[in-house]
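First comes the structure, then the notes that go with it.
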Amino acid sequence: MPSFDEVLKEAGEFGRFQKRVFFLLCQTGITFSSLFASVVFLGQAPDDYWCRIPAAAELSERCGWTLEEERNFTVLPLRLGNRSSSGECERLDVSWDTPASCTSLLTCYSNCSTGNLQLTTCHDNWVYKNPHSSIVSEYDLVCGNAWMLDLSQAILNLGFLVGAFILGYAADRYGRILIYLLSCLGVGICGIVVAFAPNFTVFLIFRFLQGMFGKGTWMTCYVIVTEIVGSDQRIVGIVIQIFFTLGIMILPGIAYLVPTWQGIQLAISLPNFFFLLYYWVVPESPRWLLTRKKGEKALKIMHNIAKHNGKCLSPHYSQITISNKEVSNPSFLDLVRTPQMRRNTFILMYAWFASALIYQGLVMRLGIVGGNLYLDFFISGAVELPAALLILVTIDRIGRGLPFAISNIVAGIACFVTAFLPEDVPWLKMTVATLGRLGITMAFEIVYLVNTELYPTTLRNFGVSLCSSLCDLGGIIAPFLLFRLATVWLELPLIIFSILAVVCGLLVLLLPETKGISLPETVEDVEQLSSHFGKCGKKRKRQDTNSYI
């Protein structure tokens with residue numbers, strides 16, 4: 001009986017059908033990256049704001065003041081009396097109650113010494129020139145509340161983390177396309193609620209849920225794309241990363257054209273409803289169907305793939321070899337029970353963690369330094385495109401292991417050298433740091449592909465989701481590591497990044513080489529894989545199998 005890979009080769013490993021599905025699912029990368037980086041524009045610091053004195057609104061209306069006149073009465077005396085205060089986080093310790101008149105207020109200011117004006121900390125009642133431009137002005141995330149903006153991004157990453165566990169497990173148990181579609185629906189609905197959240201608590205709750213479902217869309221679409229193509233075409237897993245970068249580059253254009261944060265939020269959320277149409281054009285993964293002993297459905301999908309690719313399956317392809325083992329639901333123990341699986345899991349978990357921490361750390365350090373926010377953000381995304389191109393050129397020629405290791409080691413060396421370059425040669429310091437960014441971006445993109453290829457079909461989605469959850473943990477830690485260590489020595493974070501990257505580069509050499517090898521179907525297949533320095537066969541004998549009729 002033919003194996004799945006033999007049937008796939010007959011039907012077309014990357015024909016018209018797979019190209020269409022690939023292109024459709026790649027759009028998920030654009031929406032996910034927009035969600036991932038949206039806080040940069042959703043949380044822009046307001047250009048102009050001040051703390052309003054109690055009862056100022058009523059008095060301003062009665063006196064016929066414009067907002068600018070009210071601001072002058074509020075902030076100007078404060079600046080004259082205390083030049084260190086801008087009126088943003090402090091206000092005059094007075095109350096403009098209703099008995100006060102416009103003239104008495106002016107007389108008080110003219111008679112009182114500005115040096116004796118009492119100040120108090122502002123806790124609420126801020127006034128913004130553009131009140132709905134960002135979540136900062138919408139929910140008063142300024143002054144003592146500024147940390148809440150960081151909390152909103154941490155909550156999103158926490159949603160990614162939870163989504164990796166829950167939806168990764170669900171996709172292996174209930175199917176790839178079902179969880180993908182439910183996740184798209186969840187992202188869209190939660191995104192709308194976030195845009196119209198009545199308070200910051202509701203905003204956080206549904207931003208967490210949007211992150212959870214967003215991770216489900218991204219990881220599941222990646223696995224589907226990888227499972228419906230042949231072993232020589234699994235490089236599409238790298239190409240899909242280009243669409244993630246495109247999302248990063250498109251986001252500043254959306255933010256530039258849409259003046260409010262609600263508009264930006266809707267613009268990156270509503271496209272997920274369009275993905276629900278994929279129900280009629282994207283099939284369930286036939287590999288997953290075989291692992292659930294649904295051979296008839298898998299064979300039907302393979303006939304459909306062959307038809308769209310202009311081919312016809314041979315008559316004896318009425319049966320597909322499937323596992324004779326009982327179907328079981330994935331668990332963490334399955335990932336660490338055998339020696340090769342255990343080694344792969346722990347190395348991949350560390351690779352995800354290190355890549356995410358270093359990547360986000362370098363972005364925060366080098367990405368946007370003043371200037372035009374929209375243009376700088378676009379350029380910082382464009383820097384990532386050469387990484388994907390380098391991978392496409394090298395990964396099918398020399399394999400996965402060496403580019404994976406070299407990109408990490410180059411990133412580590414670049415970080416280390418950057419830390420000791422003199423400040424009076426800024427162009428050289430920036431160039432070497434950018435080389436580090438390029439290296440870690442390559443490593444980040446390769447880990448997606450390698451992680452997918454090193455787990456059997458029964459555990460693939462769960463394994464990728466679990467290991468990539470360390471990426472979210474690294475993303476949460478990165479800003480704290482960067483800014484805390486920078487207070488000790490500005491370049492100390494780069495030293496930590498260099499150590500993490502070099503260690504990662506050495507560890508990934510212990511992973512099996514997967515170039516040209518069929519995707520493993522069982523844990524036994526994974527155990528037969530050799531390390532990068534060993535032999536790696538292109539064929540594996542299937543054992544303990546029978547045919548599905």
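The values are calculated or read from the model by the stated rules, or taken from the named source; none is laboratory data. Computed from a predicted model, the values in this text were never measured in an experiment. In this analysis, Cβ positions are derived from the backbone assuming ideal geometry, glycine residues included, and neighbour counts consider all displayed protein chains. Side chains included, ligands, DNA and RNA excluded: accessible areas come from the protein's heavy atoms. Shrake-Rupley method; radii C 1.70, N 1.55, O 1.52, S 1.80 Å.
So here's what we get for this one:
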quantity: Coarse-grained scattering of the range 328-533 at q = 0.10, 0.11, 0.15, 0.19 Å⁻¹, given as base-10 log I(q)/I(0) from a Debye sum over alpha-carbon atoms; calculated: -0.44, -0.53, -0.91, -1.31
quantity: Extension gain (nm, one decimal) between Trp147 and Lys19, 0.36 nm per residue minus Cα-Cα; calculated: 41.6 nm
quantity: Label point at Ile495 placed 7 Å out along Cα→Cβ; residues across the range 415-443 whose backbone nitrogen lies under 12 Å; calculated: 416, 419-420
quantity: P(r) histogram, all alpha-carbon pairs of the range 136-241 included - 10 Å bins from 0, percent; calculated: 15, 37, 28, 14, 6, 1
quantity: Leu277-Asn372 FRET efficiency (beta carbon distance; Förster radius 45 Å; 0.05 resolution); calculated: 0.75
quantity: Under 11 Å, Cβ to Cβ, from Ser133 - net charge with Lys/Arg +1 and Asp/Glu -1; calculated: -2
quantity: Within the range 328-533: Cβ-based charge dipole about Cα centre, in debye rounded to nearest 20 (Lys, Arg +1; Asp, Glu -1); calculated: 220
quantity: Coarse-grained scattering of the range 358-450 at q = 0.11, 0.13, 0.25 Å⁻¹, given as base-10 log I(q)/I(0) from a Debye sum over alpha-carbon atoms; calculated: -0.33, -0.46, -1.28
quantity: Greater than 25 Å apart at Cα, pairs in Lys19/Lys300; Lys9/Lys215; Lys307/Lys515; calculated: Lys9/Lys215; Lys307/Lys515
quantity: Exposure ranking of Trp352, Trp126, Trp427 by accessible area [1.4 Å probe, largest first]; calculated: Trp427, Trp126, Trp352
quantity: Residues listed by number, the range 169-188, amide nitrogen under 20 Å from Thr338 label point at 7 Å toward C-beta; calculated: 172-173
quantity: Highest average packing first - 214-222, 161-169, 342-350, Cβ atoms within 10 Å; calculated: 214-222, 161-169, 342-350
quantity: Restricting the range 231-307 to trypsin sites (Lys or Arg not before Pro) in coil, as DSSP defines it, with at most 11 other Cβ within 10 Å; calculated: none
quantity: Span from the the range 194-218 Cα centroid across to the the range 247-275 one, whole angstrom; calculated: 15
quantity: Dipole-positive endmost among Pro422, Pro456, Ile409 within the range 328-533 (Cβ charges, Cα centre); calculated: Pro422
